[in-house]
Every structure is written in C-alpha cells, then in structure tokens.
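Single-structure report; data block below.
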Amino acid sequence: MNNFGARNVDVVVIGAGQAGLSGAYQLRRAGLVPDRDFVVLDHAPRAGGAWQFRWPSLTYGKVHGMHALPGMELAGADDTRPSSEVIGAYFSAYEERFDLRVHRPVDVSAVREGEGGRLLVETSEGAWATRALINATGTWDRPFWPRYPGQETFRGRQLHTVDYPGPEEFAGQRVVVVGGGASGTQHLMEIAEVAADTTWVTRRPPVFREGPFNEVVGRAAVAMVEERVRRGLPPRSVVSVTGLPLNDAVRGARESGVLDRQPMFDRITPTGPVWDDGRTVEADVILWATGFRAAIDHLAPLKLRERGGGIQVDGTRAVRDPRIHLVGYGPSASTIGANRAGRAAVHEVMRLLEGEPALLRRQSAAAAPA
C-alpha cells in the first residue's frame, strides 16, 4: 500500500501504559525527538493506561506489584486513594517531565505493509509511515468472556471485570464470581461484605503463594510465559503462574468461608449455574473475572500469528517481522517486565535504524513533521 499523505517517523509507539511509556522514555534517552523521530499514540482519553479504568475500591495500597517507570519514582503515594487516581497522576507527571507528547485519544485501526520498507499505521488522526513499531497495547480492551450452555437465558446481570463498578452495587444480592486470579479474589472479598450470598467458581483449583514475591520467583514465572510466546502460543499472564499471595486479608477470607472455591459449573439456567452432579446456585449476578487477551487485532494485516494462535516473539521482536516489537505482551505483561521490555525493544530498534543507509536516515528526518 502506498504511503501517500502519511507522516514519516522512525518509530511509532502504540499505547501509553507502563510498557509504552517505558519504550518512549528509552527512545528519548537514545536521542530521538518526539513528534519528529517518533510518535506515541494512545486511544485512552487521558494518561494512566489501563489503570485509569480500574474500580474506585481498588486503592493504591491493594495494588499487586506496581513498579515505578524508569527514571522517575512514584514516591509518597497515599495507599487509601484509588489506584486509578494515584497512577493516573503519576503517568501524567511522567509524560510531562520527559516531554513525551502523547497523542490522544487516537484509535489505531490497522498496521499494513507500506512502501519503501516502511509500515503504514492507519489511525483516527491520519496515517503514519514508520521504520519500526513498538506495540504496547496491553490487554484491557479485550476482556475474555467464556461461553457456557444456557448463558444467554440467565435472567440476572452478567458483567466482566472491565465493567466492575465496586461492591456497593451488589448489596443484598446473590453473586457468583468466576475466576481464580487476583481480580476475582479482590472482587469476591469486598462483595462478600455487602452481598446476601457469594459463590466462588474457578476452572482450576487456586494456588496460594506463601512468602514474598522476590526476584527468583518472578524470573521463574516470566520464563514459563516466555516459553509460550517463543513457541508462538497465546501468552498467559505472569500473575497466572505465580499464584495468589497469601496475605492477612486472604487468610481471613479463607477461614470465614468466603474463599471456598467451587469447581466450574457445566451450564447456566435462567436462575443461575448448574453442575452435572445436580447442584444448583440461584444468583442475581454472575461476575466474570476471567482475564483478558492481547489487544493485537490491528496487526492482523501483517499476518504475524503462528498456527498456535499467538505471535512468536524472540525477546520483544516479532519473529516474522524484525521491525515490530511487542512490549507488555506475554512475559513483559507486568509492570517490572514492561520496563525491561521497553529498554530491550529500543535497543533492538536503534540497531535496526542505525543499520539503514545514511541517505535514507537523512531523508526520514527531513520528511518528519517538526
């Protein structure tokens, strides 16, 4: 496809969450100038990545493993404030301090092969022709909804973590929470304080982790996820392989029976879930805390997916196209992993750019918007 009307840059960063901002910071450190050499595109209305959409009852003190962005610590945060406010303000200050000039809200519809070895990034603010792409779109925009027989007949309310409003809306109701991750347990524990009844359902028995989440544990978890993306399989989250931290609140919920896990039901009736052994639960609400999938549909025109369903990645580089780096994907889908991935991706991107003929580099800089 031709690049007519597209603005030329060396690098496009898609997404301004932890991974995208980390990448943008590293591009700055490498000497690239925002809006001339690279551009950061974010579809969200304001700074904060996916954090800005988190429910108000998720205070900063409840956040599981938030690591600071490179070059600027998050200091003096109030643990009682909503994490959306704390981290949103931090990201905003970070963008301003390092002059990252994030374009928002901008929707990226597709990335295609352009002319002259460039990728063509089609967006709601026009097209960009780029030598390299750092994709940092995360998962928040692709909530995963499992499907079970009879689901459409349920007369109560069904919602996903992405739409979770906080516990107050569930006062006096019978709530089934589906999902064994950190979000599911957090939802369940706070809903149980106001609901008439709660039921916790998970596909696999939950694993609770004693002791601190140290570097050794973190590296082992990352290695497991990394192996999947190296094989071209859809990634699992790092959290899914680390287990649930066994803190005082979780211990109390287990002792009180709130975290009494039931196996996955087999079907859903108009009044609630049913198991094949005849057990039933009447419910007003089914809350699906069933996770997310990578938001990478805009990359579909490039045909990067493997037969296993995922994009095969070597480090952060897409094996099928060395111009494309995925950060916040698979093993880097954690705050500390995103920082490392941003640094690694930019190192590879700069090697790619520096390998171009000098004339093409000069032409690229001359054609870029001031």
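Data for the structure
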read-out	value
Of all DSSP beta bridges in the chain, antiparallel share, percent nearest 5	40 percent
Unit charges on C-beta of K, R, D, E only; dipole of the chain, Debye	1160 debye
Helix 83-97 axis, angle to the chain major axis (alpha carbon atoms, nearest 10°)	10 degrees
Surrounding net charge for Thr199, when Lys and Arg each add one and Asp and Glu each subtract one, Cβ distance under 13 Å	-1
Entry for Cα Rg over 2.2 N^0.38 Å (calculated from the structure that is shown) out of (1) 1.06; (2) 0.96; (3) 1.02	(1)
Distant-in-sequence amide H partners of Thr199 (H built 1.01 Å from N, under 5 Å)	Val175, Val176, Val177
Built amide H within the under 5 Å cut-off of His160, gap 5+	Trp288
Highest-fluctuation residue, Gly156, Gly272, Gly17 considered, GNM on the chain with Cα pairs under 10 Å	Gly156
Stokes-Einstein D for segment 41-200, Kirkwood Rh over Cα pairs, 4 °C, 1.567 mPa s (µm²/s)	69 µm²/s
Computed log₁₀ I(q)/I(0) - Debye formula, equal Cα scatterers, no solvent, segment 1-91, q 0.18, 0.25 Å⁻¹	-0.83, -1.26
Within the chain, helix-based [θ] at 222 nm, where runs of 4 or more DSSP H residues each add -39,500 (n - 2.57), nearest 500	-8000 deg cm²/dmol
Residue (of Ala24, Val313, Gly278) at the positive-pole extreme of the chain, dipole from beta-carbon charges	Val313
Exposure proxy ranking, count of Cβ atoms within 10 Å, fewest first, for Thr123, Thr185, Thr161	Thr123, Thr161, Thr185
Isotropic mean projected area of the C-alpha convex hull, segment 87-147 (nm²)	6.4 nm²
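Each reported figure results from applying straightforward, stated rules to the coordinates on display, with no laboratory input. Since we're looking at a predicted model, the values are computed, not measured. Positions of Cβ are backbone-derived with ideal geometry, glycine not excepted, and every protein chain shown enters the neighbour counts.
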